[in-house]
Amino acid sequence: MPRSQPNPRKTTLPEQAVRALFLLEHHVRNAFSMRQLPMFEDADKIWLSKTRLGLVTVVLRSAIVLHAEAQGLLPLGDSAYDRGYAWTPLAQQRTAKGAWRRFLRLSNALSGKTHAILKPWQSEVFSGAWLGPLGPPAEPHSPEALSDAAIHAVFRALLPTSREENFEIDHVVALYERLMEFELVRCRGRTIRWGTTHALVDLDELSKVPPTARGEYLSLRGIKPSQALLQRLMGAADVDDMLAVIPARTRNTLLPAGSVALQANLVARDTPAPHTPRELIHKTVRATLEPLVEAAQGASDRLLALRICDPSMGTGQFLTEACRQLAYAVVAADSTRQNDATALAQARWQVASRCLYGVDGDPIALELARLSLRLIGMKPDGTMPEINRHLRHGDALVGIGLWHGSPARRRPDPRLYSLHWASTAMARPTTHGAPRKTGRNRSPSRVESLRLLADQLIREILMNGHHKARKRLTIDEPMMLREASITENRAAYFHWPLEFPEIFESPEPGFDAFVGKPPWVSCSGVAAHPLANDLKRYFTSLSSAFQRNRPLHGLFVHRSASLLKPGGRLGLILPPSVASLGGLAPLRQVHDALCRVDMPLPHYGGRTSQGIVQPTMALLSTRRQDGESIGEPQVWPLHRDKLDE
């Protein structure tokens, strides 16, 4: 009787997507122009960053389109669509001919360039989410074009998992976060990929490391060789000796100097995973919004007047949860609505269109957040919520906006807190003559002019400091001067009163709630996150929370609390050390001067996408009323709370 074989483990979408990403990397690595060391290192870093985002965009786009075709969101089965646009039939074929051209054709249709084959709601759902930071894909035969074989291999790798019925937008979010765990690097010496891991080892660099330190060198890259292999590596005198002692199954392909290759991001590996358990998001949003829902006293119009923001929204997980919960509250409060699927869909459309705001510096994450809210807020008839003007790209910490409780030693430039000064500057005559009214040098609109002035002020402060910034700024400075301090890897400045005027020009300015999980980053100590010196000076002068341990998440706490209206709610996921660590006392002091903490705060033991236990806490608090007395700052008590697994 034949021995029974165990059922093979089911391959997950993230695993297949990572495989597809490395297939694309293999194509880029083997392009002739990519197998050489660059002349300009800064330009090469920008190219590597953009290429990595381009590869991620291709894989993500392929996964979502194949799923949309499988679930009927795109017209698979229509003869015209199948003949010229569909990717699923192409993935089922053995031949790859025409794959890149078809990839371009459907991408252009989905991005709004040509969509005669699509219904209006189909173009609207996917508009913007396909371009990413690189713009439209390259045309065939251009240097940036991918081969038919590369695109076809990606389609075939992703096709099996695209047919799963439970594939939701949350899966897309997790997929993007998984793909962003890898970075594209330039090999400086002869390099190998170690075994089945995604870690790269530069053998030329390793040969120069003292033998006794080679184990630590590998450990920092997440590699733990056997003791016997480590002993042989310690005895190797050069690269040839290392290649001789490393088994072939471990060293895989030898990459020559100048090659590009993907590896697991070494910085991200040592920081909390970006994926947040859904139950943790649900509990935090519910605890944040409950007092506001109760204060509405069952009036649906008061619920729809709430304004909720995520200052580091990423792919929009907290905002989609807020949309669900607030929509349930709206339906429950309105006796004229029937509590059914149609009423809930209508309420979600209203909430997504009116109540939710977000900011993020990652353009792909921004487009995924917009896609998430379009899908969750779509009416049964296909009408989409208008959310683009509420979900914006930029750095929530750098720009015009309130910072209450500034350092007492010297007040920062008061122009940082509002845009009232800009109107006066716009009214002054310019010194470079009247600008032309057409073409590239046309006269900018009022909003564009305000943005130019605000950007110039921020650049002045970053370059020269608060008290050396020029008092007179004009909107027609030479382009070279206006862009002097902009770098490719820094997100755009974000001016809160300009981007969300309906929030800050209302009789009661400010948001009703902030929710989210800001990045957990410390800018001091041995494992300090690299931060430009101009930003360090800027943050130190603006916020007392950026002292001692210099936590970046402390700046998000301060910024969010400052932008709340009195009685507004704060609900942010933070590391538990914030509650009691001595080095984070300035953060607690700044927060407690603005908000009252809900004592005690919940403390969770969540799990990351890699299965590692990651303790978290939820900072839940209410903005103090004007004139409210403030007690002494204190340690925040925590209580253990379990997540539903």
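Descriptive notes on the structure:
- Rounded, prolate or oblate (a/c below 1.5 giving rounded, otherwise prolate when a/b exceeds b/c) for region 195-299 by Cα gyration tensor: prolate
- Of the peptides 411-419, 224-232, 71-79, 508-516, the ranking by mean beta-carbon count within 10 Å, highest at the top, reads 508-516, 411-419, 71-79, 224-232.
- With all pairs of separate Cα atoms included, region 249-407 yields a Kirkwood hydrodynamic radius of 18.1 Å.
- Counting Lys and Arg as +1 and Asp and Glu as -1 over every other residue whose Cβ lies under 11 Å from the Cβ of residue 560, the net charge comes to +2.
- Heavy atoms of residue 504: accessible area, 1.4 Å probe, square angstrom to 10: 40 Å²
- The alpha carbon centroids of region 500-516 and region 184-199 are separated by 48 Å.
- Exceeding the 31 Å Cα-Cα cut-off - candidates 224/536; 50/97; 45/208: 224/536
- Packing-based order for 53-59, 597-603, using average beta carbon neighbours within 10 Å, highest first: 53-59, 597-603
- Net +/- balance of residues flanking residue 579 in space, Cβ distance below 14 Å, scoring K and R +1, D and E -1: -1
- Long-range HN-HN contacts of residue 392 with modeled amide H, under 5 Å: 358, 359, 360
The values are calculated or read from the model by the stated rules, or taken from the named source; none is laboratory data. Source: prediction; values computed, not measured. Cβ: placed from backbone, ideal geometry, glycine included. Neighbour counts: every protein chain shown. Side chains are part of the model used for accessible areas, which takes the heavy atoms of the whole protein and leaves out ligands, DNA and RNA. Shrake-Rupley method; radii C 1.70, N 1.55, O 1.52, S 1.80 Å.
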